[in-house]
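Here's the structure, in C-alpha coordinates; my notes come after.
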Amino acid sequence: MVTWRPHHFMLIVCLSVSPILAETTAPLCIPDQAKPRVVVMTDIGGDPDDRQSLVRFLLHSCDLRVEGLCTGFGWGHYDKTRPDLIRDAIEAYGEVLTNLRKHRADYPSAEQLLGLVKDGHNGDAHKVGPGMDSEASDWIIEVVDRADDRPVWFAIWGGPRELAQAIWKVQATRSEAQLAAFRSKIRVHSIADQDRTARWVKQHHPDVFWIFSEKLYQGFYDGGNRELVSPAWIEQHIRGPLRRVYPTEAHKWAGVKEGDTPSFLYLLPNGLSDPEHPEQGNWGGRFARSGKGHEYLPARDILDGQRDLLYTIHRWRPAYQNAFQARLEWSRLPFDQANHEPAAHCNADASLRVLHVATDPGAQVRLSAAGSSDPDEDNLRYRWWTYPEAGSYWAEPEIAGATQPDAVVTVPQDAASRTVHIILEVTDTGNPPLTAYRRVVLQVSGEAVAPPPGLTDDR
(Lines give C-alpha, C1' and ligand atoms only; values in the text may rest on other atoms or scores of the structure.)
Protein backbone atom coordinates (compact mmCIF):
# COMPACT_ATOMS: atom_id res chain seq x y z
CA MET A 1 0.00 0.00 0.00
CA VAL A 2 1.22 3.47 -0.87
CA THR A 3 -0.59 6.53 0.45
CA TRP A 4 0.32 10.03 -0.74
CA ARG A 5 -0.09 13.12 1.42
CA PRO A 6 0.78 16.03 -0.89
CA HIS A 7 0.63 19.69 0.05
CA HIS A 8 -1.30 21.88 -2.36
CA PHE A 9 1.01 24.85 -2.52
CA MET A 10 1.96 25.93 -5.98
CA LEU A 11 4.69 27.96 -7.52
CA ILE A 12 3.43 31.03 -9.32
CA VAL A 13 4.67 33.11 -12.20
CA CYS A 14 5.88 36.60 -11.34
CA LEU A 15 3.52 39.18 -12.75
CA SER A 16 4.64 42.73 -13.32
CA VAL A 17 3.52 45.64 -15.41
CA SER A 18 7.10 46.81 -15.58
CA PRO A 19 8.46 47.01 -19.13
CA ILE A 20 11.69 45.36 -17.97
CA LEU A 21 9.86 42.00 -18.02
CA ALA A 22 7.95 42.54 -21.22
CA GLU A 23 10.65 41.17 -23.49
CA THR A 24 10.80 37.70 -21.98
CA THR A 25 8.94 35.00 -20.14
CA ALA A 26 8.94 35.75 -16.42
CA PRO A 27 10.61 33.10 -14.26
CA LEU A 28 8.78 31.26 -11.53
CA CYS A 29 8.54 33.16 -8.27
CA ILE A 30 7.84 32.02 -4.75
CA PRO A 31 4.46 33.02 -3.29
CA ASP A 32 4.91 35.46 -0.44
CA GLN A 33 3.27 33.10 2.05
CA ALA A 34 5.86 30.44 1.20
CA LYS A 35 8.76 32.76 1.99
CA PRO A 36 10.26 32.26 5.44
CA ARG A 37 10.23 35.38 7.61
CA VAL A 38 13.81 36.23 8.56
CA VAL A 39 15.69 38.74 10.70
CA VAL A 40 19.46 38.89 10.25
CA MET A 41 21.54 39.73 13.33
CA THR A 42 25.11 40.51 12.34
CA ASP A 43 28.32 41.58 14.06
CA ILE A 44 29.38 43.19 10.79
CA GLY A 45 32.54 45.21 11.25
CA GLY A 46 34.40 42.30 12.82
CA ASP A 47 35.38 39.39 10.58
CA PRO A 48 34.90 40.64 6.98
CA ASP A 49 33.04 37.46 6.11
CA ASP A 50 29.83 39.07 7.40
CA ARG A 51 30.12 41.53 4.53
CA GLN A 52 30.57 38.60 2.13
CA SER A 53 27.50 36.83 3.51
CA LEU A 54 25.44 40.01 3.26
CA VAL A 55 26.01 40.25 -0.50
CA ARG A 56 24.77 36.71 -1.01
CA PHE A 57 21.86 37.35 1.34
CA LEU A 58 20.75 40.35 -0.72
CA LEU A 59 20.86 38.27 -3.89
CA HIS A 60 18.55 35.75 -2.20
CA SER A 61 16.30 38.43 -0.69
CA CYS A 62 13.62 37.61 -3.27
CA ASP A 63 13.36 34.11 -1.76
CA LEU A 64 12.79 35.32 1.80
CA ARG A 65 10.55 37.77 3.60
CA VAL A 66 13.24 40.01 5.06
CA GLU A 67 11.95 41.69 8.24
CA GLY A 68 15.09 43.00 9.90
CA LEU A 69 18.81 43.67 9.44
CA CYS A 70 20.12 44.19 12.96
CA THR A 71 23.62 45.01 14.14
CA GLY A 72 25.29 43.63 17.22
CA PHE A 73 28.52 42.18 18.52
CA GLY A 74 30.31 38.85 18.24
CA TRP A 75 33.69 37.17 18.57
CA GLY A 76 36.44 39.77 18.94
CA HIS A 77 34.08 42.60 17.99
CA TYR A 78 32.76 44.40 21.06
CA ASP A 79 33.74 47.96 20.17
CA LYS A 80 31.02 49.62 18.11
CA THR A 81 28.17 48.44 15.93
CA ARG A 82 28.47 49.19 12.20
CA PRO A 83 25.06 49.71 10.57
CA ASP A 84 26.85 51.86 8.00
CA LEU A 85 28.36 48.72 6.46
CA ILE A 86 24.90 47.23 5.96
CA ARG A 87 23.78 50.45 4.28
CA ASP A 88 26.85 50.38 2.02
CA ALA A 89 25.91 46.89 0.82
CA ILE A 90 22.29 47.92 0.25
CA GLU A 91 23.47 50.93 -1.75
CA ALA A 92 25.48 48.63 -4.03
CA TYR A 93 22.45 46.31 -4.29
CA GLY A 94 20.32 49.30 -5.28
CA GLU A 95 22.67 50.04 -8.17
CA VAL A 96 21.97 46.61 -9.70
CA LEU A 97 18.33 46.24 -8.64
CA THR A 98 16.84 47.23 -11.99
CA ASN A 99 18.74 44.41 -13.64
CA LEU A 100 17.94 41.91 -10.89
CA ARG A 101 14.23 42.59 -11.39
CA LYS A 102 14.53 41.52 -15.00
CA HIS A 103 15.01 38.05 -13.55
CA ARG A 104 12.78 38.17 -10.46
CA ALA A 105 10.20 40.91 -10.03
CA ASP A 106 9.91 40.26 -6.29
CA TYR A 107 13.30 41.63 -5.26
CA PRO A 108 12.67 44.18 -2.45
CA SER A 109 13.55 47.81 -3.05
CA ALA A 110 16.70 49.31 -1.57
CA GLU A 111 14.52 51.79 0.32
CA GLN A 112 12.56 48.95 1.89
CA LEU A 113 15.75 47.21 3.00
CA LEU A 114 17.25 50.41 4.39
CA GLY A 115 14.16 50.79 6.55
CA LEU A 116 14.90 47.40 8.09
CA VAL A 117 18.40 48.32 9.32
CA LYS A 118 18.22 48.51 13.12
CA ASP A 119 21.13 49.25 15.44
CA GLY A 120 21.95 47.09 18.43
CA HIS A 121 23.10 48.02 21.92
CA ASN A 122 26.48 49.75 22.06
CA GLY A 123 27.38 48.56 25.52
CA ASP A 124 27.96 45.29 27.35
CA ALA A 125 27.39 42.59 24.75
CA HIS A 126 26.86 39.89 27.37
CA LYS A 127 24.06 41.32 29.49
CA VAL A 128 20.31 41.84 29.30
CA GLY A 129 18.02 43.69 31.65
CA PRO A 130 16.62 47.10 32.61
CA GLY A 131 17.88 50.03 30.59
CA MET A 132 19.48 47.81 27.94
CA ASP A 133 16.84 48.03 25.22
CA SER A 134 18.00 49.01 21.75
CA GLU A 135 16.47 49.94 18.42
CA ALA A 136 17.11 46.35 17.33
CA SER A 137 15.61 44.65 20.41
CA ASP A 138 12.47 46.81 20.24
CA TRP A 139 12.17 46.08 16.51
CA ILE A 140 12.40 42.34 17.17
CA ILE A 141 9.42 42.55 19.51
CA GLU A 142 7.43 44.44 16.87
CA VAL A 143 8.26 41.86 14.20
CA VAL A 144 7.36 38.83 16.32
CA ASP A 145 4.12 40.51 17.45
CA ARG A 146 2.85 40.98 13.89
CA ALA A 147 -0.39 39.26 12.93
CA ASP A 148 1.33 36.59 10.87
CA ASP A 149 1.11 32.92 11.81
CA ARG A 150 4.49 32.12 10.31
CA PRO A 151 7.42 31.84 12.72
CA VAL A 152 10.21 34.40 12.60
CA TRP A 153 13.65 32.99 11.85
CA PHE A 154 16.64 34.74 13.39
CA ALA A 155 19.81 34.21 11.36
CA ILE A 156 22.40 35.08 13.99
CA TRP A 157 25.85 35.82 12.60
CA GLY A 158 27.29 37.23 15.81
CA GLY A 159 25.80 37.20 19.29
CA PRO A 160 22.06 36.98 20.07
CA ARG A 161 22.01 39.78 22.66
CA GLU A 162 19.30 41.81 20.91
CA LEU A 163 17.01 38.80 20.69
CA ALA A 164 17.73 37.89 24.31
CA GLN A 165 16.94 41.46 25.38
CA ALA A 166 13.65 41.31 23.47
CA ILE A 167 12.72 38.09 25.28
CA TRP A 168 13.73 39.64 28.61
CA LYS A 169 11.53 42.68 28.00
CA VAL A 170 8.52 40.59 27.04
CA GLN A 171 9.10 38.47 30.15
CA ALA A 172 9.20 41.63 32.29
CA THR A 173 6.10 43.27 30.82
CA ARG A 174 3.67 40.48 29.88
CA SER A 175 1.92 37.49 31.39
CA GLU A 176 3.35 33.96 31.29
CA ALA A 177 0.84 33.00 28.60
CA GLN A 178 1.77 36.00 26.47
CA LEU A 179 5.46 35.26 26.93
CA ALA A 180 4.93 31.64 25.89
CA ALA A 181 3.05 32.77 22.77
CA PHE A 182 5.89 35.15 21.92
CA ARG A 183 8.55 32.47 22.33
CA SER A 184 6.56 29.99 20.25
CA LYS A 185 7.04 32.15 17.14
CA ILE A 186 10.83 32.33 17.47
CA ARG A 187 13.19 30.13 15.46
CA VAL A 188 16.95 30.62 15.76
CA HIS A 189 19.83 29.48 13.56
CA SER A 190 22.96 30.80 15.22
CA ILE A 191 26.49 30.51 13.92
CA ALA A 192 28.34 29.24 16.98
CA ASP A 193 27.78 30.75 20.44
CA GLN A 194 29.34 34.20 20.36
CA ASP A 195 28.21 35.84 23.59
CA ARG A 196 26.85 34.78 26.97
CA THR A 197 23.25 35.81 26.31
CA ALA A 198 22.50 32.55 24.49
CA ARG A 199 23.20 30.75 27.75
CA TRP A 200 20.70 33.02 29.49
CA VAL A 201 18.03 32.12 26.94
CA LYS A 202 18.76 28.39 27.22
CA GLN A 203 18.65 28.53 31.00
CA HIS A 204 15.46 30.55 31.36
CA HIS A 205 13.61 29.71 28.13
CA PRO A 206 14.63 26.20 27.02
CA ASP A 207 11.55 25.86 24.81
CA VAL A 208 12.95 28.36 22.25
CA PHE A 209 13.68 26.53 18.98
CA TRP A 210 17.44 26.99 18.61
CA ILE A 211 19.90 25.56 16.08
CA PHE A 212 23.52 25.94 17.20
CA SER A 213 25.79 25.58 14.16
CA GLU A 214 28.95 25.01 16.20
CA LYS A 215 31.89 24.33 13.81
CA LEU A 216 29.51 22.89 11.20
CA TYR A 217 29.40 26.27 9.45
CA GLN A 218 33.06 25.76 8.48
CA GLY A 219 31.84 23.27 5.89
CA PHE A 220 30.62 26.21 3.85
CA TYR A 221 34.19 27.10 2.90
CA ASP A 222 36.42 24.26 4.17
CA GLY A 223 36.64 20.70 2.89
CA GLY A 224 35.25 19.66 -0.49
CA ASN A 225 36.15 21.47 -3.71
CA ARG A 226 38.00 24.58 -2.55
CA GLU A 227 38.39 25.94 -6.08
CA LEU A 228 34.74 26.98 -5.78
CA VAL A 229 35.57 29.27 -2.85
CA SER A 230 39.00 30.49 -3.95
CA PRO A 231 40.14 34.10 -4.48
CA ALA A 232 40.22 33.27 -8.20
CA TRP A 233 36.50 32.39 -8.07
CA ILE A 234 35.77 35.82 -6.59
CA GLU A 235 37.81 37.59 -9.25
CA GLN A 236 36.08 35.68 -12.03
CA HIS A 237 32.48 35.99 -10.91
CA ILE A 238 31.94 38.98 -8.60
CA ARG A 239 31.98 42.21 -10.60
CA GLY A 240 30.46 45.66 -10.65
CA PRO A 241 29.00 47.43 -7.60
CA LEU A 242 28.68 44.22 -5.58
CA ARG A 243 32.40 43.59 -5.91
CA ARG A 244 32.96 46.88 -4.10
CA VAL A 245 31.31 45.52 -0.95
CA TYR A 246 32.55 41.91 -1.13
CA PRO A 247 35.98 41.55 0.55
CA THR A 248 38.44 39.08 -0.98
CA GLU A 249 39.86 38.07 2.39
CA ALA A 250 38.30 37.28 5.76
CA HIS A 251 39.73 36.33 9.14
CA LYS A 252 42.31 33.55 8.62
CA TRP A 253 40.90 32.81 5.16
CA ALA A 254 41.50 34.04 1.61
CA GLY A 255 38.59 33.75 -0.78
CA VAL A 256 34.94 32.97 -0.12
CA LYS A 257 34.53 32.34 3.61
CA GLU A 258 30.96 33.37 4.42
CA GLY A 259 30.80 31.40 7.64
CA ASP A 260 27.42 32.96 8.42
CA THR A 261 25.76 32.09 5.11
CA PRO A 262 24.49 28.63 6.20
CA SER A 263 22.07 30.38 8.58
CA PHE A 264 19.95 31.61 5.68
CA LEU A 265 20.77 28.98 3.06
CA TYR A 266 19.06 26.67 5.55
CA LEU A 267 15.82 28.61 4.97
CA LEU A 268 15.76 28.82 1.18
CA PRO A 269 12.50 27.34 -0.15
CA ASN A 270 14.09 25.20 -2.87
CA GLY A 271 12.18 21.99 -2.18
CA LEU A 272 15.04 20.26 -0.38
CA SER A 273 13.69 20.28 3.19
CA ASP A 274 11.29 21.66 5.78
CA PRO A 275 13.14 24.14 8.05
CA GLU A 276 11.00 22.97 10.97
CA HIS A 277 12.89 19.66 10.72
CA PRO A 278 16.63 20.30 11.11
CA GLU A 279 17.29 16.55 10.99
CA GLN A 280 16.40 16.50 7.28
CA GLY A 281 19.49 18.40 6.14
CA ASN A 282 19.90 20.96 3.36
CA TRP A 283 22.36 23.59 2.06
CA GLY A 284 22.65 24.98 5.61
CA GLY A 285 23.59 21.67 7.22
CA ARG A 286 21.89 18.92 9.18
CA PHE A 287 21.17 18.90 12.91
CA ALA A 288 19.93 16.57 15.64
CA ARG A 289 18.06 17.15 18.91
CA SER A 290 20.46 17.60 21.81
CA GLY A 291 18.00 16.34 24.41
CA LYS A 292 17.80 19.79 26.00
CA GLY A 293 14.56 21.61 25.25
CA HIS A 294 14.28 22.59 21.59
CA GLU A 295 18.02 22.75 21.03
CA TYR A 296 19.59 21.25 17.90
CA LEU A 297 23.29 20.56 17.44
CA PRO A 298 25.30 19.61 14.32
CA ALA A 299 24.90 16.10 12.93
CA ARG A 300 27.39 14.23 10.76
CA ASP A 301 26.94 12.78 7.30
CA ILE A 302 29.00 9.88 6.02
CA LEU A 303 31.86 10.58 3.61
CA ASP A 304 34.10 7.72 2.45
CA GLY A 305 32.77 5.50 5.22
CA GLN A 306 33.44 8.01 8.00
CA ARG A 307 31.12 10.41 9.79
CA ASP A 308 32.14 13.90 8.68
CA LEU A 309 30.83 17.09 10.29
CA LEU A 310 31.67 19.52 7.49
CA TYR A 311 30.35 17.24 4.74
CA THR A 312 26.77 18.03 5.73
CA ILE A 313 27.32 21.42 4.10
CA HIS A 314 30.13 21.07 1.57
CA ARG A 315 28.35 18.15 -0.13
CA TRP A 316 26.04 20.85 -1.55
CA ARG A 317 28.78 23.32 -2.51
CA PRO A 318 28.61 22.93 -6.31
CA ALA A 319 24.88 23.65 -6.20
CA TYR A 320 24.96 26.65 -3.86
CA GLN A 321 27.94 28.20 -5.60
CA ASN A 322 26.29 27.77 -8.99
CA ALA A 323 23.21 29.49 -7.58
CA PHE A 324 25.40 32.36 -6.34
CA GLN A 325 27.14 32.65 -9.70
CA ALA A 326 23.81 32.76 -11.53
CA ARG A 327 22.46 35.53 -9.32
CA LEU A 328 25.63 37.53 -9.67
CA GLU A 329 25.05 37.30 -13.42
CA TRP A 330 21.44 38.41 -12.92
CA SER A 331 22.87 41.65 -11.54
CA ARG A 332 24.44 42.55 -14.89
CA LEU A 333 23.01 40.41 -17.74
CA PRO A 334 19.65 40.45 -19.54
CA PHE A 335 17.24 37.59 -18.95
CA ASP A 336 18.07 35.69 -22.12
CA GLN A 337 21.81 35.66 -21.36
CA ALA A 338 21.54 34.27 -17.83
CA ASN A 339 20.40 31.00 -16.33
CA HIS A 340 17.44 30.46 -13.98
CA GLU A 341 16.41 27.62 -11.70
CA PRO A 342 14.19 24.87 -13.05
CA ALA A 343 10.97 23.87 -11.30
CA ALA A 344 10.82 20.32 -9.94
CA HIS A 345 7.51 18.46 -9.82
CA CYS A 346 6.98 15.16 -8.04
CA ASN A 347 4.01 12.90 -8.70
CA ALA A 348 1.97 15.81 -10.08
CA ASP A 349 2.75 17.97 -7.04
CA ALA A 350 4.20 21.36 -7.99
CA SER A 351 4.71 22.68 -4.47
CA LEU A 352 7.97 23.19 -2.60
CA ARG A 353 6.88 21.07 0.35
CA VAL A 354 8.27 17.75 1.52
CA LEU A 355 6.02 14.87 0.43
CA HIS A 356 5.19 12.06 2.87
CA VAL A 357 4.28 8.57 1.65
CA ALA A 358 2.90 5.74 3.78
CA THR A 359 4.08 2.40 2.42
CA ASP A 360 4.89 -1.20 3.36
CA PRO A 361 7.98 -3.42 3.42
CA GLY A 362 8.54 -4.92 -0.01
CA ALA A 363 6.31 -2.38 -1.77
CA GLN A 364 7.31 -0.56 -4.93
CA VAL A 365 6.86 3.20 -4.78
CA ARG A 366 6.56 4.89 -8.15
CA LEU A 367 7.92 8.40 -8.39
CA SER A 368 7.65 10.77 -11.32
CA ALA A 369 9.19 14.13 -12.11
CA ALA A 370 6.82 14.64 -15.02
CA GLY A 371 5.85 18.29 -15.38
CA SER A 372 9.23 19.60 -14.26
CA SER A 373 10.25 22.53 -16.41
CA ASP A 374 12.87 25.16 -17.04
CA PRO A 375 12.15 28.86 -17.70
CA ASP A 376 15.03 28.99 -20.19
CA GLU A 377 13.83 25.82 -21.96
CA ASP A 378 17.09 24.07 -21.12
CA ASN A 379 17.22 20.29 -21.13
CA LEU A 380 16.84 18.71 -17.71
CA ARG A 381 18.82 15.99 -15.96
CA TYR A 382 17.25 13.90 -13.19
CA ARG A 383 18.74 12.18 -10.18
CA TRP A 384 16.84 10.24 -7.52
CA TRP A 385 18.91 9.24 -4.49
CA THR A 386 18.58 8.15 -0.88
CA TYR A 387 19.74 10.29 2.05
CA PRO A 388 20.18 7.60 4.74
CA GLU A 389 21.47 9.94 7.46
CA ALA A 390 18.27 11.99 7.30
CA GLY A 391 16.02 8.99 7.88
CA SER A 392 15.99 6.06 10.29
CA TYR A 393 16.77 3.29 7.78
CA TRP A 394 20.48 2.57 7.54
CA ALA A 395 20.86 1.49 3.90
CA GLU A 396 20.03 2.74 0.42
CA PRO A 397 17.04 1.02 -1.21
CA GLU A 398 17.19 0.02 -4.85
CA ILE A 399 15.99 2.80 -7.15
CA ALA A 400 15.19 1.75 -10.71
CA GLY A 401 15.46 4.64 -13.17
CA ALA A 402 17.54 6.75 -10.79
CA THR A 403 18.61 9.06 -13.64
CA GLN A 404 15.26 9.15 -15.42
CA PRO A 405 12.15 11.29 -14.93
CA ASP A 406 10.29 8.22 -13.64
CA ALA A 407 11.74 6.02 -10.91
CA VAL A 408 10.65 3.07 -8.79
CA VAL A 409 11.85 2.60 -5.21
CA THR A 410 11.73 -0.93 -3.82
CA VAL A 411 11.15 -0.73 -0.07
CA PRO A 412 13.43 -3.21 1.75
CA GLN A 413 11.78 -5.86 3.90
CA ASP A 414 13.87 -4.86 6.92
CA ALA A 415 12.83 -1.18 6.68
CA ALA A 416 9.66 -1.79 8.71
CA SER A 417 8.69 1.16 10.95
CA ARG A 418 11.56 3.20 9.49
CA THR A 419 11.69 6.36 7.40
CA VAL A 420 13.50 6.56 4.08
CA HIS A 421 14.31 9.94 2.57
CA ILE A 422 14.40 10.11 -1.24
CA ILE A 423 15.82 13.24 -2.87
CA LEU A 424 14.97 14.33 -6.41
CA GLU A 425 17.44 16.64 -8.10
CA VAL A 426 16.36 18.34 -11.32
CA THR A 427 19.34 20.08 -12.91
CA ASP A 428 19.28 22.12 -16.09
CA THR A 429 21.96 22.26 -18.77
CA GLY A 430 22.45 26.01 -18.57
CA ASN A 431 25.63 27.81 -17.58
CA PRO A 432 26.06 27.47 -14.67
CA PRO A 433 23.81 24.43 -14.22
CA LEU A 434 21.15 25.05 -11.57
CA THR A 435 19.34 22.50 -9.44
CA ALA A 436 15.83 22.31 -7.99
CA TYR A 437 14.84 19.69 -5.44
CA ARG A 438 12.01 17.63 -4.02
CA ARG A 439 12.09 15.35 -1.00
CA VAL A 440 9.90 12.31 -0.48
CA VAL A 441 9.80 10.72 2.98
CA LEU A 442 8.69 7.08 2.93
CA GLN A 443 7.10 6.02 6.22
CA VAL A 444 7.25 2.24 6.25
CA SER A 445 4.68 0.27 8.24
CA GLY A 446 5.28 -2.74 10.47
CA GLU A 447 7.39 -3.66 13.48
CA ALA A 448 10.95 -2.45 13.71
CA VAL A 449 13.75 -4.82 12.76
CA ALA A 450 17.04 -4.46 14.61
CA PRO A 451 19.81 -2.88 12.52
CA PRO A 452 22.80 -4.99 11.49
CA PRO A 453 25.67 -5.37 13.99
CA GLY A 454 27.75 -2.22 14.27
CA LEU A 455 24.87 0.09 13.40
CA THR A 456 22.61 1.85 15.87
CA ASP A 457 19.27 3.60 15.79
CA ASP A 458 20.84 7.05 16.34
CA ARG A 459 21.29 7.91 12.68
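ASN270 fulfils the conditions (1) touching a Gly at 6+ places or on another chain (Cβ under 7 Å); (2) under 15 Å from ALA319 (Cα atoms) except for a single criterion, (1). Restricting attention to the stretch 219-237, the residues being in contact with a helix residue (DSSP H, G or I) (Cβ under 8 Å, 6 or more places away or on another chain) and polar (S, T, N, Q) number 1. For the stretch 238-285, the set of residues classified as touching a Ser or Thr at 6+ places or on another chain (Cβ under 7 Å), more than 30 Å from PRO151 (Cα to Cα) and not small (Gly, Ala, Ser) consists of LEU242 only.
Each residue in the stretch 36-74 was checked for being at pLDDT below 95 and either under 14 Å from TRP139 (Cβ atoms) or outside the structural domain of ILE186 (by TED's automatic domain parsing) (or both), and 1 of them qualify. Listed by first and then second residue, the pairs with beta-carbon distance under 6 Å, at least 6 apart or on different chains, first residue in the stretch 228-248 and assigned by TED's automatic domain parsing to the domain that holds GLU91, second surrounded by fewer than 14 Cβ atoms within 10 Å (Cβ to Cβ) and not polar (S, T, N, Q), are PRO231/ALA254; THR248/PRO231.
The sole residue among ILE156, ILE140 that is within 17 Å of TYR296 (Cα to Cα) and touching a strand residue (DSSP E or B) at 6+ places or on another chain (Cβ under 7 Å) is ILE156.
Apart from one condition, GLY285 fits all of (1) crowded, with 24+ Cβ neighbours inside 10 Å; (2) at negative phi; the exception is (2).
The residues of the stretch 359-380 that are loosely packed, with under 15 Cβ neighbours inside 10 Å and in contact (Cβ under 8 Å) with a residue 12 or more places away in the chain, listed by number, are GLY362, GLN364, ARG366, ALA370, GLY371, ASN379.
Of the helices (runs of 4 or more DSSP H) lying entirely inside the stretch 59-164, those containing at least 3 residues that are of a type outside the set (Phe, Trp, Tyr) and touching a residue at least 40 places away in the same chain (Cβ under 8 Å) are 83-100, 135-145.
The values are calculated or read from the model by the stated rules, or taken from the named source; none is laboratory data. These numbers come from a predicted model, not from an experiment. All Cβ positions, even for glycine, are placed from backbone atoms using ideal geometry, and neighbour counts span all protein chains on display.
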